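Novice: I'd like to ask you about the structure that follows.
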Amino acid sequence: MKTCVVLNPIAGAVKDLDSVRERLNALHPARLCISEKPGEIEKLARQSVEAGFEQIVSAGGDGTLNEVLNGIESAGANIVLGLVPLGTGNDFARTLGVPTTIDDAIEQILRGQTREIDLVRVTSDLIRYFLNVSSGGFSGLVDEKLTPEMKKTWGPLAYLRSAAAAFPHLRGYATRVTLDDSEALELDLYNVIVANGRYVAGGIPIAPEADVADGLLDVILLPERGKADLVLLAAQILVGKHLTSDAIIFHRAKKIGIRSKPGMWFNVDGELIGNEPATFELLPKALRCVVPAT
């Protein structure tokens, strides 16, 4: 396939750009694009699709992957997506089982085994597509605190560091959650998580039973609780044992609508995309992605 590699040169695992670029040449790309400014990756991916490339390889972290995905979707083409995880978290790559080393990830792409996976469209202030996880409420506050400098300094612990910074601002949201245009829940919530993938923040299993090809979204709701309960819940989340906890509400659905007072800020794969209302729609098996050989 005619391949384009889109490389984020400031991704967390990029220490020697020339070395990374040389190793990516093992993919024999007809084009290797290196972003030079924030927001450029989506444009580069879209232009590559419009130029007739059949496979786009995202070389970066989860934010890079999200930009590449939205560039592909805005061009409306049937593209094969490959991943070389070079970020701080690499959470969607972890869900797929993509190797964490550059050379092993490249070898996987060269084998060419693909799988049709689900895609999610969220409509809020913006319309965005994502593969992994979106969250609103407290998580939105956490992402406001999560600076590029914090990621570089703290690595995978940056999310926990920013959560500690946001904790004093914890507040509840009077929230209406609509599932598949029928069941509606009226709840006071701290957090809403809509998951297609399993992991966030560098490996925390926030949706440990999520399946990227089951045609359903995992919805995790965190009602208002005492701080002692939240500390216990946080410990359960770190090891993926929270789905049976009384401290959360768990559902699966194809479409989720969220309205709240005050408005929740939502992020998509770690990038803020807007305030509520937000509508999440699952697009089953809408993307072909390179996966490990079985």
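Novice: Report the local net charge at Val5: Lys and Arg +1, Asp and Glu -1, summed over other residues whose C-beta lies under 11 Å from its C-beta.
Specialist: Working: positive: Arg21, Arg23, Arg31; negative: none.
Combined, the nearby Lys, Arg, Asp and Glu give +3.
Novice: Compute the distance from the alpha-carbon center of segment 77-97 to that of segment 1-59, in whole Å.
Specialist: Cα centroid of segment 77-97 versus Cα centroid of segment 1-59: 13 Å apart.
Novice: Roughly how many debye, to the nearest 20, is the charge dipole of segment 169-233 about its Cα centre, given +1 on each Lys and Arg Cβ, -1 on each Asp and Glu Cβ, and no other charges?
Specialist: Values: 5 positive and 11 negative charges, 94 e Å.
The dipole of segment 169-233 has a size of about 460 debye.
Novice: Between Ile10 and Glu116, what is 0.36 nm times their sequence separation minus the Cα-Cα distance? Round to one decimal in nm. The partial results should precede the final answer.
Specialist: Working: separation 106, 0.36 × 106 = 38.16 nm, distance 2.95 nm.
Full extension of this stretch gives 35.2 nm more.
Novice: Tell me the net charge near Gly71. Cut-off is 13 Å between Cβ atoms, Gly71 excluded, with +1 for each Lys or Arg and -1 for each Asp or Glu. Could the numbers behind the result be given before it?
Specialist: Working: positive: Lys43, Arg46, Arg128; negative: Glu40, Glu42, Glu50, Glu67, Glu73.
With Lys, Arg at +1 and Asp, Glu at -1, the neighbours total -2.
Novice: Enumerate lysine pairs in the chain that are 8 or more residues apart or on different chains, then count those whose Cα atoms are under 27 Å apart.
Specialist: Lysine pair count for the chain: 26.
Novice: Applying the Karplus parametrisation 6.51 cos²θ - 1.76 cosθ + 1.60 with θ = phi - 60° to the phi angles of segment 257-265, what ³J(HN,Hα) value in whole Hz is obtained for each residue in order, glycine and proline being reported as x?
Specialist: Rounded to whole hertz, the list is x, 10, 10, 8, 10, x, x, 7, 7.
Novice: For mean projected area of the Cα convex hull in nm², several values are listed as [x] 18.6; [y] 14.1; [z] 19.5; flag the one computed from this structure.
Specialist: [y]
Novice: Something else now. Give a residue-ordered list of calculated ³J(HN,Hα) values for segment 177-183 (Karplus: 6.51 cos²θ - 1.76 cosθ + 1.60, θ = phi - 60°; whole Hz; x for Gly, Pro).
Specialist: 10, 10, 10, 6, 6, 10, 5
Novice: Ordering Ile237, Ile72, Ile127 by how much accessible area each has at a 1.4 Å probe, largest first, what is the list?
Specialist: Working: Ile237 35, Ile72 0, Ile127 105 Å².
Result of the area sort, largest leading: Ile127, Ile237, Ile72.
Novice: Report the calculated FRET efficiency for Met1 and Lys227 (r = Cβ-Cβ distance, R0 = 51 Å), to the nearest 0.05. The partial results should precede the final answer.
Specialist: Values: r = 52 Å, r/R0 = 1.03.
Computed FRET efficiency for Met1 and Lys227: 0.45.
Novice: Here's a follow-up. Measure off 7 Å from each Cα along the Cα-to-Cβ vector at Glu36 and Ser245, then give the distance between these two points in nanometres to one decimal.
Specialist: For Glu36 paired with Ser245, the spin-label model returns 4.7 nm.
Novice: Rounded to the nearest 0.05, what FRET efficiency is calculated for Ala235 and Ala213 with R0 set to 41 Å and r the Cβ-Cβ distance?
Specialist: Using R0 = 41 Å, I get an efficiency of 0.85.
The values are calculated or read from the model by the stated rules, or taken from the named source; none is laboratory data. Since the structure is predicted, the reported quantities are computational estimates derived from the model, not experimental observations. As a convention, Cβ positions derive from the backbone with ideal geometry for all residues, glycine included, and neighbour counts pool all protein chains shown. Just so you know, the surface numbers come from the protein's heavy atoms only, side chains and all, with ligands and any DNA or RNA stripped out. Shrake-Rupley method; radii C 1.70, N 1.55, O 1.52, S 1.80 Å.
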